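Inspection log for the structure reproduced underneath, given as structure tokens.
The values are calculated or read from the model by the stated rules, or taken from the named source; none is laboratory data. For clarity, every value in this text was computed on a predicted model and none was experimentally measured. In this analysis, Cβ positions are derived from the backbone assuming ideal geometry, glycine residues included, and neighbour counts consider all displayed protein chains. Please note that ligands, DNA and RNA were not included when accessible areas were found on the heavy atoms of the full protein model with its side chains. Shrake-Rupley method; radii C 1.70, N 1.55, O 1.52, S 1.80 Å.
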Amino acid sequence: MLLSDPEDRGTAEEAELVAQIAAGDVGAPMTELYRRYSKRLYCFGIQALGNTGLAEEMVQESFVRLWRTAAGFDARRASVSTYLYVLARSTAADIRKRPSSRPLLPVEEAGVPPQADTVDQILDGLIVHEALGTLSPAHLEVMRLAHDEDLTQSQIAERLGLPLGTVKTRMFHAMRALRAALDQRGVHAA
Amino acid sequence: MPPDATPELGHPDAAAWALGALDPEEAGRFKAHLQSCGGCRIAVADFEQVARALAHPPPAVEPPPDLQARTLASVQYAVMSAKRAGANPQPAPAKASRWWHWHWNFPVFSAAAALGAAAAAIAVVLVQVVQTAPAQATVIPLHAAAGSAASGQATARQTDGGWSIHLTVAHLPPLGPGQFYECWYAGPGNRPGHPELITAGTFIVGHGGTGTFTMWSAANPQVFSTMQITAEHPGDAGQHGQVILTGTARRSQGPA
């Protein structure tokens, strides 16, 4: 398993933060969860809604919904990360259905690419790129060469001076870890 | 099953196929293999979803610095609204069918009754507006930099819909054309380059630099516990001016 132990400890820690919010403490626990997840949610919002103003609104509403539903969160069924992504996705869907009264800053002015495909594909992208950060350097290097430089396994083996079998194993394990990240967050192959 | 396959690994080329990382010859062999291996087709479907996700990197942007303060204030407001709703439940509406039946049969009397009901409803609303929850008061003494005679005090009371702030100031310096004073709540993480601020409102004072104002904010002074009064120009609604007065909220007291 490529995902590191600190991730498991972090998951339990975040579940405790949500429990504190459910118990009525919306100060430090909420601030900490905001610190950990605001950027990811904001980036998701920009891609899903195509607008920085609406993305900001989505972030705010997602944390309000976290407070509202914290008492019903079950850490045995999902991680806090998964839960926040679910909240963000439904919030983005609700925002899309209604006009916003906020002054809108178009995505182009924020220097971000145009809105991507569907919301689920956007979320997939966010989750998988997050999970890349949990791969070991050896696995990450193989993935980088394949994805960013379009090298074949044979070319990667030659570049890194490794047996072809080692490259195949590392690539397989890396992709399986990324797939597990999608599964953990409740995303399954169509 | 190819010779280099292992039970836990499955087919070693499934992942590379999804990434397009097989040599042409290997790709041809694996494509043929897929025709007859359902397990590998499932594995490929899983890996292809990963490959599609890799093609959509998230944008490299940071949320605006003040979004944290706004978000936390939104949560605080939701908490207060929920408490208010729990403390002041709405009266149950009268049964419409009975009223309708009475109205249909007694139009003259029902018109008078409707006027009476409307007056009663208005009275209920006015009571709810005027009546405040047992208000906790938070006092925020404000002081200026050494050498300045400016001073002030804010008293924040939790009430319906947020916090009402009673602000008194004295000997504030005169402002230039177009300028105004602005009252801010600052959170614990507020620092240059990383603002954590919520505005409580703007005001101007007369030549004596003295005034008393009532403002409104959703920010809980126990969370955003530093108050600042700055001199601002119209612009992008951020805090840019010099801090004239500052102070820290004292612990909540009973109703004041």
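Brief remarks follow.
- Of residues in segment A:13-30 being crowded, with 20+ Cβ neighbours inside 10 Å and facing chain B (nearest Cβ under 10 Å), the one modelled with the lowest pLDDT: A:VAL26
Yes/no per residue for (1) open to solvent by 50 Å² or more (accessible area, probe 1.4 Å); (2) of a type in the set (Asp, Glu); (3) modelled with pLDDT under 95; (4) touching a helix residue (DSSP H, G or I) at 6+ places or on another chain (Cβ under 6 Å):
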{"site": "B:ALA15", "(1), (2), (3), (4)": "no, no, yes, yes"}
{"site": "B:ILE42", "(1), (2), (3), (4)": "yes, no, yes, no"}
{"site": "B:PHE47", "(1), (2), (3), (4)": "no, no, yes, yes"}
{"site": "B:VAL50", "(1), (2), (3), (4)": "no, no, yes, yes"}
{"site": "B:PRO63", "(1), (2), (3), (4)": "no, no, yes, yes"}
{"site": "B:LEU72", "(1), (2), (3), (4)": "no, no, yes, no"}
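- Filtered residue count, segment A:43-52, keeping only those that are without any contact (Cβ under 8 Å) to a residue 60 or more places away in the chain and more than 10 Å from chain B (Cβ to nearest Cβ): 1
- Looking only at residues in segment A:53-82 that are within 26 Å of B:ALA55 (Cβ to Cβ), of a type outside the set (Gly, Ala, Ser) and crowded, with 23+ Cβ neighbours inside 10 Å, the one that is farthest from the other protein chains (Cβ to nearest Cβ) is A:MET58.
- Test: residue in segment B:165-183 that is in a loop (DSSP other than H, G, I, E, B), surrounded by 17 or more Cβ atoms within 10 Å (Cβ to Cβ) and without any contact (Cβ under 8 Å) to a residue 60 or more places away in the chain: yes
- Of all residues in segment B:245-254, at least one satisfies being open to solvent by 30 Å² or more (accessible area, probe 1.4 Å), under 15 Å from B:TYR185 (Cβ atoms) and either within 21 Å of the chain's Cα centre (by Cα) or at pLDDT 85 or above (or both).
- Count of segment A:144-153 residues which are in a helix (DSSP H, G or I), within 8 Å of another protein chain (Cβ to nearest Cβ) and either surrounded by fewer than 16 Cβ atoms within 10 Å (Cβ to Cβ) or touching a residue at least 12 places away in the same chain (Cβ under 8 Å) (or both): 2
- Exclusive hit being farther than 22 Å from B:THR155 by Cβ and not in a strand (DSSP E or B), set B:ALA237, B:ALA231: B:ALA237
- No other residue among B:LEU175, B:LEU115, B:LEU142 is farther than 27 Å from B:TYR77 by Cβ, at pLDDT 85 or above and among the aliphatic types (A, V, I, L, M) apart from B:LEU175.
- Number of positions in segment B:216-231 that are surrounded by fewer than 18 Cβ atoms within 10 Å (Cβ to Cβ) and within 17 Å of B:GLY161 (Cβ to Cβ): 1
- Filtered by the rule that a residue be modelled with pLDDT under 85 and small (Gly, Ala, Ser), segment B:179-218 gives B:GLY187, B:GLY189, B:GLY193, B:GLY206, B:GLY208, B:ALA218.
- Every pair of residues 6+ apart whose Cβ atoms lie under 6 Å, when the first sits in segment A:13-40 and is among the aliphatic types (A, V, I, L, M) while the second is in a loop (DSSP other than H, G, I, E, B): A:ALA15/A:ALA75; A:VAL18/A:PHE73
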